[in-house]
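Only one structure is covered here, and it is reproduced in the block below.
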Amino acid sequence: MSKKLKHYLQFSNFTADEYAYLFERAALIKRKFKAYEKHHPLTDRTLALIFEKASTRTRVSFEAGMYQLGGSVVHLTTGDSQLGRAEPIEDSARVISRMVDLVMIRTFEQTKIDRFAEYSRVPVINGLTNEFHPCQIMADIFTFIEHRGSIRGKTVAWVGDGNNMANTWLQAAQLLDFTVHVSTPRGYEIDRAVAGVRNDCYRVFKDPMLACANADLVTTDVWTSMGFEAENEARKKAFADWCVDMDMMRTAKSDALFMHCLPAHRGEEVDVDVIDGPQSVVWDEAENRLHVQKALMEYLLLGQL
Ligand code: CP
């Protein structure tokens, strides 16, 4: 009997039990990495990385991660493949998935990755779409657990754009049983229908200071996500009061953490005192992309070990 193909297209694709396994596995894989212990469960497996948008962390963490697991990587971009010359997604998916074992895609609309997955013979991972960034939130929650223990029952303050990160935090909150306090400027609100969540896993605040009150974690992202550059000037005006500063951090719990998925614009969405201050865990957060994604790739190809 053939094994059911599993994709990772949204945070809600996995259960809470699957995340519990992945976080444990990521911790083990991280320990082995730090001890220079070989861990090669994916020998002879190949990962295709498809980027239709720029990346530093996602590319390095997937590429280095796959080599560290014993496998290899093929890297494609829109500019250097037929993807940029209008080859249908369905055909690209059929062809690429006959030649590799796993595909990661960073693209624009979620419908594009969903269509690719529908025609793929191998697991597909979302490396960021306009709607979701599940690998990042997996790394963020793993980082929270490392520093503070379980995220269950905790409060995460989201300050800024109602973007792919915000949508993914909402999915995570519903699944892992915590609350998100969301504060966005008017016109940049989250759309609950996109996240597909119940309305009891988050609360909306007009004032970002109130969203941060008693939070266990304060987090934000750039004011202008990739693909929305034409709105940059309008966004700078609209988001002027949504800069995470020390006043906001002081309204959060005294041991609150600060996270940012990076790249960051100091002086825009976050003050330098916050991102470079003692409550910030952004470097651990970035590093943990490597460890959680290694656990994810291993799980998608080999199941629970
Ligand atoms: N956070 C994140 O996805 O970083 P990159 O855009 O550099 O991949």
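The values are calculated or read from the model by the stated rules, or taken from the named source; none is laboratory data. Just so it is clear, the structure is predicted and the values come from calculations on it, not from any experiment. For neighbour counting, all protein chains shown are included, and Cβ atoms are generated from backbone atoms with ideal geometry for every residue, glycine included. Calculation scope for accessible area: heavy atoms of the full protein, side chains included, ligands and nucleic acids excluded. Shrake-Rupley method; radii C 1.70, N 1.55, O 1.52, S 1.80 Å.
Can you confirm whether the stretch 15-31 contains a residue that is in contact with a strand residue (DSSP E or B) (Cβ under 9 Å, 6 or more places away or on another chain), hydrophobic (A, V, I, L, M, F, W, C) and over 18 Å from I96 (Cβ atoms)?
As a first pass, look at the stretch 15-31 and keep what is in contact with a strand residue (DSSP E or B) (Cβ under 9 Å, 6 or more places away or on another chain): none.
Within the stretch 15-31 (the criterion being in contact with a strand residue (DSSP E or B) (Cβ under 9 Å, 6 or more places away or on another chain), hydrophobic (A, V, I, L, M, F, W, C) and over 18 Å from I96 (Cβ atoms)), the answer is no, since none of the residues qualifies.
Which condition does T155 not pass, out of (1) within 16 Å of the ligand (Cβ to nearest atom); (2) out of contact with any helix residue (DSSP H, G or I) (no Cβ under 9 Å at 6 or more places or on another chain), if it passes all the others?
That leaves (1) as the condition not met.
Take D284 and decide whether it is open to solvent by 80 Å² or more (accessible area, probe 1.4 Å), within 29 Å of V60 (Cα to Cα) and acidic (D, E). Break it down into steps so the answer makes sense when it comes.
Numbers: open to solvent by 80 Å² or more (accessible area, probe 1.4 Å): no; within 29 Å of V60 (Cα to Cα): yes; acidic (D, E): yes.
Here the answer is no, as D284 does not meet what is asked.
Please list, ordered by first then second residue, the pairs with beta carbon atoms under 6 Å, 6 or more apart or interchain, first in the stretch 213-224 and within 18 Å of D247 (Cα to Cα), second of a type in the set (S, T, N, Q) and open to solvent by 10 Å² or more (accessible area, probe 1.4 Å).
Within 6 Å, the pairs are A213/T251; A215/T155; D216/T155.
Identify all residues within the stretch 132-149 that are crowded, with 20+ Cβ neighbours inside 10 Å and part of a loop (DSSP other than H, G, I, E, B); write none if there are none.
Within the stretch 132-149, F132, H133 qualify.
Of Q68, Q82, which residue is open to solvent by 30 Å² or more (accessible area, probe 1.4 Å) and touching a Lys or Arg at 6+ places or on another chain (Cβ under 8 Å)?
Q68
Given the condition under 20 Å from Q279 (Cα atoms), out of contact with any Lys or Arg (no Cβ under 9 Å at 6 or more places or on another chain) and assigned to a loop (DSSP other than H, G, I, E, B), answer yes or no: does some residue in the stretch 199-221 qualify?
yes
Give D216, D207, D221, D271 a once-over and let me know the one that is open to solvent by less than 20 Å² (accessible area, probe 1.4 Å), away from the ligand (no atom under 16 Å from the Cβ), among the charged types (D, E, K, R) and touching a strand residue (DSSP E or B) at 6+ places or on another chain (Cβ under 8 Å). Break it down stepwise before answering.
Numbers: D207 fails: open to solvent by less than 20 Å² (accessible area, probe 1.4 Å); D221 fails: away from the ligand (no atom under 16 Å from the Cβ); D271 fails: open to solvent by less than 20 Å² (accessible area, probe 1.4 Å).
Unique residue meeting the criteria: D216.
Select from the stretch 10-66 the residues that are among the aliphatic types (A, V, I, L, M), within 16 Å of the ligand (Cβ to nearest atom) and not in a helix (DSSP H, G or I) and list them in ascending order. If you could, list the steps in order and put the result at the bottom.
So the first thing to find is which residues in the stretch 10-66 are among the aliphatic types (A, V, I, L, M), and the list is 16, 20, 22, 26-29, 35, 42, 47-50, 54, 60, 64, 66.
Narrowing the set further to residues that are within 16 Å of the ligand (Cβ to nearest atom) leaves 47, 49-50, 54, 60, 64, 66.
Passing the criteria: L47, L49, I50, A54.
Kindly indicate whether any position in the stretch 96-112 is open to solvent by less than 10 Å² (accessible area, probe 1.4 Å), within 16 Å of the ligand (Cβ to nearest atom) and in a loop (DSSP other than H, G, I, E, B).
yes
Is there any pair with a first residue in the stretch 44-57 that is at positive phi and a second that is within 11 Å of the ligand (Cβ to nearest atom) whose Cβ atoms are under 7 Å apart and which are 6 or more apart or on different chains, and what are they?
none
Taking only the stretch 184-198 into account, find how many residues are open to solvent by less than 60 Å² (accessible area, probe 1.4 Å) and part of a helix (DSSP H, G or I).
2
Of everything in the stretch 70-95 that's assigned to a loop (DSSP other than H, G, I, E, B) and charged (D, E, K, R), which residue is nearest to the chain's Cα centre (by Cα)?
Initially, the stretch 70-95 is screened for residues assigned to a loop (DSSP other than H, G, I, E, B), giving 70-71, 78-81, 86-88.
After this cut, where a residue has to be charged (D, E, K, R) as well, the list is 80, 87.
Working: D80: 25, E87: 28 Å.
Looking at the filtered set, the residue picked out is D80.
Select from the stretch 62-80 the residues that are more than 12 Å from L49 (Cα to Cα) and free of Cβ contacts under 8 Å to residues at least 24 places away in the same chain and list them in ascending order.
Of everything in the stretch 62-80, those that are more than 12 Å from L49 (Cα to Cα) and free of Cβ contacts under 8 Å to residues at least 24 places away in the same chain turn out to be Y67, G79, D80.
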